[in-house]
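Encoded as C-alpha cells, the structure appears first; notes follow it.
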Protein chains: 2
Amino acid sequence: MVYRETPPIAKRKAELRERLLKSAESLVRMGGFKALTIQALATDAELSVGSVYRYFKNKDELATQVFSHATRREIRAVGEALATDGRATEQLAAGVRCFAERAFMAPQFAWALIAEPVEPAVDEARLQYRRDYTALFQQVIERGISAGEFCRQSAPLTASALVGALAESLLGPLGEAERSSDMIDELCLLCLRTVGAGN
Amino acid sequence: MVYRETPPIAKRKAELRERLLKSAESLVRMGGFKALTIQALATDAELSVGSVYRYFKNKDELATQVFSHATRREIRAVGEALATDGRATEQLAAGVRCFAERAFMAPQFAWALIAEPVEPAVDEARLQYRRDYTALFQQVIERGISAGEFCRQSAPLTASALVGALAESLLGPLGEAERSSDMIDELCLLCLRTVGAGN
DNA sequence: TTAAAAAATGAACTATGATTCACTTCTTGG
DNA sequence: CCAAGAAGTGAATCATAGTTCATTTTTTAA
C-alpha cells in the first residue's frame with residue numbers, strides 16, 4: 001500500500017467532521033430536528049450525501065451527537081449557575097434563571113432539545129438529558145434540605161417536577177405568550193415556593 | 001336511483017365507526033400512537049384498509065379524533081375533581097390526585113396522550129389539550145388567590161408549571177421508578193407548596 | 001509518474017406506512 | 001329478479017427519508 005493518512009489530511013477530516021456537526025446544529029437551531037435531513041446537511045455543508053456517511057455511521061448517530069453536544073453545553077451552564085457560592089436558595093434561583101434565559105434566547109433550539117417530537121434514538125438521549133438536569137436540581141434541593149433552607153421532601157420528585165415545570169412554562173403552549181423578564185422572576189419565586197424555601 | 005340509506009344501515013355504519021374508534025383507542029392504549037397504523041386498525045376491527053377510509057378522511061383525522069375523545073374524558077375527570085365542594089386547597093389536591101391516579105392506572109395511555117412523539121396533527125390537538133388542562137388549574141388557582149388561601153402569583157404561569165410538573169414527575173424518566181401511593185401524597189404537597197398554600 | 005488506497009459522489013435502492021382505485025359484493029325500491 | 005348506487009376489498013401506488021455502492025477523484029510514497 002502506498003497511501004497513508006498524513007497529519008494535514010487527518011486534520012482536514014477532523015475539521016470536516018466539526019463542520020458537519022456545526023452545520024447540523026445550525027439546521028436544528030433554525031428548524032428543529034425535523035430540519036436535520038442528510039440531504040439538507042450535505043447541501044448546507046457543501047458535500048455529498050454519501051460523504052456524510054463517511055463521518056457518521058447513520059442518521060441516528062448524527063442526530064444523537066448533535067443532541068449530546070448541545071445538551072452538554074446546556075447542562076454545564078445550568079450546573080455552573082447552580083454551583084455559585086451562597087445558600088441553596090440563591091443557587092436554585094440562579095439555576096432557574098440561567099435555564100430560563102437560555103431558553104428565551106434560543107426558543108426554537110430549546111424546544112428542539114426539550115420538547116420536539118424526535119426519532120427514538122434522540123428521544124433516548126433525551127431521557128438521559130432530563131435525568132442529568134434532574135440530578136443537578138436534586139443536589140441543590142438536598143443541600144437546601146440539609147441546611148434547613150427547604151422543607152423536608154422527596155428531592156428526586158421535586159427535582160423532576162421542577163424540570164417539568166420549567167419546560168412546560170417556558171416552552172409549552174402558553175410559554176410563547178407571556179414571555180418577559182418579569183416572568184423569569186415569577187418563575188424563580190414559583191420554584192422557591194415549590195421547594196418550600198423562603199419562609 | 002334505487003338505493004337509499006335505510007335506518008338499519010345508518011345504524012350499522014355509526015356502529016362501525018364507533019368500533020373503529022374503539023379499536024383505534026385500544027391500539028393506542030397498548031402501544032401508543034405508534035401502534036395506530038391503518039393496517040393494524042383494519043386487522044383489529046376486522047375490515048379492510050380501504051374501508052377505514054370510508055369512515056375517516058385520512059390518518060390525521062383518525063388519530064386526532066382518537067386523541068380528542070380520550071382527552072375530553074381525562075379533562076372531564078380532572079375538571080370534576082377540581083370542582084368538588086370545599087376550599088381551593090382541597091380542590092387542587094383532589095385534581096392532582098385524580099390526574100395522578102389515572103396516569104398510574106394506564107401509564108402507557110397517559111404517556112401517549114401527554115408525551116409520546118406523535119404526528120404533527122395530533123401534536124396540535126395536544127397543544128389544545130394542555131391549554132385546557134392549564135385553564136382548569138388556572139381557575140382553581142385564581143379562586144385560591146381570591147380566597148386568600150394561595151399567595152399572590154401569576155395564575156397562568158403557575159398553572160402551566162403545575163401541568164408540566166405533573167407530566168414530568170409522573171411520566172418522565174424517573175416517574176416509572178418511584179411510583180407509589182406515597183408519591184401521590186408527596187405530589188399533592190408539592191403542588192400546594194407551589195401555589196403557596198398551607199401556611 | 002504511477003499504482004494503491006482512501007475519499008467523494010449522487011443516482012439508485014430500501015423501508016415504512018399512508019393512500020388510491022379498479023373491482024367485487026351488498027342493499028334497495030320497483 | 002333487476003338495475004343503480006353504496007359499501008367493502010386489498011394489491012398497487014405514492015411519498016419521504018435513510019442508506020448503499022459502482023464509479024470518479026484525490027492523495028500518498030516509491
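Taken together, the values in this text are just the output of simple stated rules run on the coordinates, not laboratory data. The structure displayed is predicted, hence computed values, not measured ones. Here the Cβ is made from the backbone with ideal geometry for all residues, glycine too, and neighbour counts use every protein chain on show.
So, counting K/R as plus one and D/E as minus one, what does the shell of residues with Cβ under 10 Å around B:ASP60 add up to? Please report the intermediate quantities before stating the final value.
Numbers: positive: B:LYS57, B:LYS59; negative: B:GLU61, B:GLU119, B:GLU124.
Counting the neighbours of B:ASP60, the net charge comes to -1.
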**Request:** Kindly provide the helix-only [θ] at 222 nm of the protein assembly as shown, computed as the sum of -39,500 (n - 2.57) over DSSP H runs of four or more divided by all residues, to the nearest 500 deg cm²/dmol?
**Result:** -25000 deg cm²/dmol
**Asked** By how many degrees, between 0 and 90 and to the nearest 10, does the Cα long axis of helix A:120-146 differ from the longest principal axis of chain A?
**Response** 30
**Request:** Could you pull the copy-to-copy label distances for A:ILE38, with points set 7 Å along Cα to Cβ, in nm to one decimal and sorted shortest first?
**Result:** 2.7
**Asked** By a straight-distance test (C-alpha under 23 Å), which lysines pair with A:LYS57 as possible cross-link partners, with residues fewer than eight away in the same chain excluded?
**Response** A:LYS11, A:LYS13, A:LYS22, A:LYS34
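In a shell of Cβ-Cβ distance under 10 Å around A:ARG143, excluding A:ARG143 itself, what net charge do Lys and Arg (+1) and Asp and Glu (-1) give?
On the way: positive: A:ARG87; negative: A:GLU142, A:GLU149.
Local net charge: -1.
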**Request:** With a ≥ b ≥ c taken as the square roots of the eigenvalues of the C-alpha gyration tensor of region A:90-138, please select rounded if a/c is under 1.5 and otherwise prolate if a/b is larger than b/c or oblate if it is not?
**Result:** oblate
**Request:** Sum up the charges of everything whose Cβ sits under 14 Å from the Cβ of A:ILE9, counting Lys and Arg as +1 and Asp and Glu as -1, but leave A:ILE9 out.
**Result:** +4
**Request:** Relative to the longest principal axis of the C-alpha atoms of chain A, give the angle of the C-alpha long axis of helix A:7-31, reported between 0 and 90° and rounded to the nearest 10°.
**Result:** 50
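Based on other C-beta atoms within 10 Å, arrange A:ILE75, B:ILE114 from fewest to most. The partial results should precede the final answer.
Working: A:ILE75 15, B:ILE114 20.
By the 10 Å Cβ count, ascending, the order reads A:ILE75, B:ILE114.
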**Message:** Using the basic label-point model (7 angstrom from Cα toward the beta carbon), what is the B:GLU46 to A:ASP60 distance in nanometres?
**Reply:** 3.8
**Message:** Running a GNM on chain B with Cα contacts under 10 Å, which residue among B:ALA14, B:ALA70, B:ALA24 ends up with the highest mean-square fluctuation?
**Reply:** B:ALA14
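Tell me the GluC sites (Glu not before Pro) within region A:17-53 that lie in a loop according to DSSP and have at most 12 other beta-carbon atoms within 10 Å.
Values: sites: A:GLU18, A:GLU25, A:GLU46; in loops: A:GLU46.
Sites meeting the loop and neighbour criteria: A:GLU46.
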**Fill in**
Looks like the protein assembly as shown, by Cα gyration tensor root eigenvalues a ≥ b ≥ c and the a/c under 1.5 rounded cutoff (else prolate when a/b is bigger than b/c, oblate otherwise), is oblate
**Complete:** Two pseudo-spin positions, 7 Å from Cα along C-beta at B:ASP185 and at B:LYS11, lie apart in nanometres by 5.2
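Where does region B:75-199 land on the Kirkwood hydrodynamic radius, alpha-carbon pairs, in angstrom? Let's see the in-between values first.
Working: mean 1/r = 0.0681 Å⁻¹.
Final number for the Kirkwood radius of region B:75-199 is 14.7 Å.
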**Prompt:** Under a no-solvent Debye model with one identical scatterer per Cα of region B:12-90, what's log10 I(q)/I(0) at q = 0.17, 0.19, 0.27 Å⁻¹?
**Reply:** -0.65, -0.76, -1.31
**Asked** When each copy gets a label point 7 Å from Cα toward the beta-carbon at A:GLY50, what are the spacings between them in nm, shortest first?
**Response** 4.3
